[in-house]
1. Could you tell me the center-to-center distance, by alpha carbons, between the stretch 291-369 and the stretch 216-243 in angstrom?
2. ³J(HN,Hα) across the stretch 489-500 via Karplus (A = 6.51, B = -1.76, C = 1.60, θ = phi - 60°), whole Hz, x for Gly/Pro?
3. For the stretch 131-269, what is the per residue volume of the convex hull drawn over the alpha-carbon atoms, in cubic angstrom?
4. Normalise the Debye intensity by I(0) for the stretch 228-387, one equal point scatterer per Cα, no solvent, then take log10 at q = 0.14, 0.15 Å⁻¹ and round to two decimals.
5. May I ask you to list the GluC sites (Glu not before Pro) in the stretch 152-253 that are in a DSSP loop and have at most 10 other Cβ atoms within 10 Å of their Cβ?
6. Of the cross-linked pairs 174/340; 334/443; 365/449; 216/282; 173/342, which ones have a Cα-Cα span greater than 29 Å in the structure shown?
7. What's the FRET efficiency of residue 490 with residue 16 using the Cβ-Cβ distance as r and R₀ = 56 Å, to the nearest 0.05?
8. In whole percent, and with a 1.4 Å probe on the protein chains, what portion of the accessible area of the stretch 415-482 is carbon and sulfur?
Amino acid sequence: MNKKNRKNLSIWIGTSAYILFLLVCIVLYAIDYITNIVQVESFSQFLYTMQVGMGGASNTIIQILQGFALNYLFWIACATILYGAYMKVALGNRKRLKEGKRPLWSSQTIVTLNSTVLVTSVITAFVLCYQVSQGYDALKIDDYLEEQSTVSTLYEDQYVSTSDQLLKFPEKKKNLIYIYMESMEATYTDQANGGGFEDNLIPNLTQIANENTNFKAADDPNLNGGLVTNQTSWTVAGMVAQTSGTPLGVGNSKYNHSFDENMLFMPNVTSLGDLLEKHGYKNVLMCGSEASYAGRSNYFHQHGDYEIIDLDAAHQSGMLSKNYHEWWGFEDSKLVDFAKDKITELASKDEPFNFTMLTADTHFKDGYLCPDCPDEYDEQYENVIACSDKRIAEFVCWIQQQDFAKDTVIVLSGDHLSMDSLINQSVGLDFPRRTYFAILNGKEYTLNKTRDFTTLDIFPTTLEAMGVEIEGHRLGLGTSLYADQPTLCEQMGFETLNEEISHRNVRFEEEILKDDGLEPDAENLPSKLVKTERG
């Protein structure tokens, strides 16, 4: 080794060891986060989140940084001090050698120190490789690769494209109030109601479901709910599934993209919003976060021309001060108050309305503990869930007291299963978790049997609840729960259906996802979007 390389050897070895240590800390926390803090259902979900970016998710970013600092800041500080001291000596030795002076340390000491650091670096590198392999398993990348190499005919065999020929709206149209409840599960009930907790965290919602339509047999004491398939297990994917019967199948990296304001979002899908707009409904979406996050505003603007009232709109309209930001944007207590005002305004008009709302207080990690939350349980998340149960029940009671209530269908639905690790820790990995789902003032459920269903079945079910007749009772991959015919879940079994949804599909990619993610132009702009895009 020449003299110049000998001068720089200590610097290279020390810097490599320091960088490897930082990488180990980052990867170690990342693995802990996706396994013990948040439950990632699939690599498709992870890919989608990474592709759309974290804009609008500042709360989650802050939580991640705080958690990382809490667990690793001390060790990183110690490593930085050692690295700084090591580099000071190494650079000092290099300078003295360059000037022809005797080094601070003997050659034998430097060799011993370099060897120690080198061995430490090798061990750290092995630890890093091991952690990467753990992350590989935690993210279920093997499953993803297998899914991408397998072609299914599910959509050719089972997918029913929504068209006017299949639908007949009633002459007297009912309003719709659709409340997506973040991470709300039937799982949160006690064991007497089929849940997984010792205490019933959602007694009010349990009562609402039991007194209205929960699609179960009259003598079944268990609270029923929707199973969640792959590609429907995060918020925007859950909303797409429940309003179109279509999974957000973006496992193929070709369809993973960030969402610019005008980027097309599944333009060939006909959704609930599309249908209601065509039949004279005023569509409104209200949420306490930035609706642009993960493409939600793209979807609802392009599919039903929804008026969107989110954090940005609240700032611009003066509903909130310009610098107001709490939790994901603004908390559910304000959301409900704003919703009452907007619904009252909509009900005063002559046209039917569809008011859709998305709560956020029950989002992981631990939820948002507002001043109204009880202090009954040891875990913050349990108190937040109980608080949300009470708030939504009071909101539903307010709706039912209004003059327009008799002409209004209310849908209460969890958008997906909770990603907070507390739930699996509380009920176990094998517990059959289901989202919460209930319909109020809809069509009478007469089958007297408990249905097995996924959130994909909610799309045609909602329409039939509003009195819409559907030829064949099926839309997308969903089957109306009012119909005496099996859902795909009942027909195929949940595990088989879930596997089929996870696999590649030619019809899905070439027909349903055609032009998804592109900027609209005269050639790829569907006719239903012409008015929205061109004013």
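1. Distance between centres, Cα-based: 22 Å.
2. Whole-Hz 3J(HN,Hα) from phi for the stretch 489-500: 5, 6, 6, 9, x, 4, 4, 5, 4, 4, 5, 5.
3. Convex hull of Cα atoms, per residue: 223 Å³.
4. -0.81, -0.92
5. 171, 198
6. Violating the 29 Å Cα-Cα cut-off are 334/443; 365/449; 216/282.
7. FRET efficiency, residue 490 to residue 16: 0.45.
8. Whole-percent figure for carbon plus sulfur exposure: 44.
The values are calculated or read from the model by the stated rules, or taken from the named source; none is laboratory data. Everything quoted here is computed from the prediction, not taken from an experiment. As a convention, Cβ positions derive from the backbone with ideal geometry for all residues, glycine included, and neighbour counts pool all protein chains shown. We work out accessible area using only protein heavy atoms, side chains counted, and drop any ligands, DNA or RNA first. Shrake-Rupley method; radii C 1.70, N 1.55, O 1.52, S 1.80 Å.
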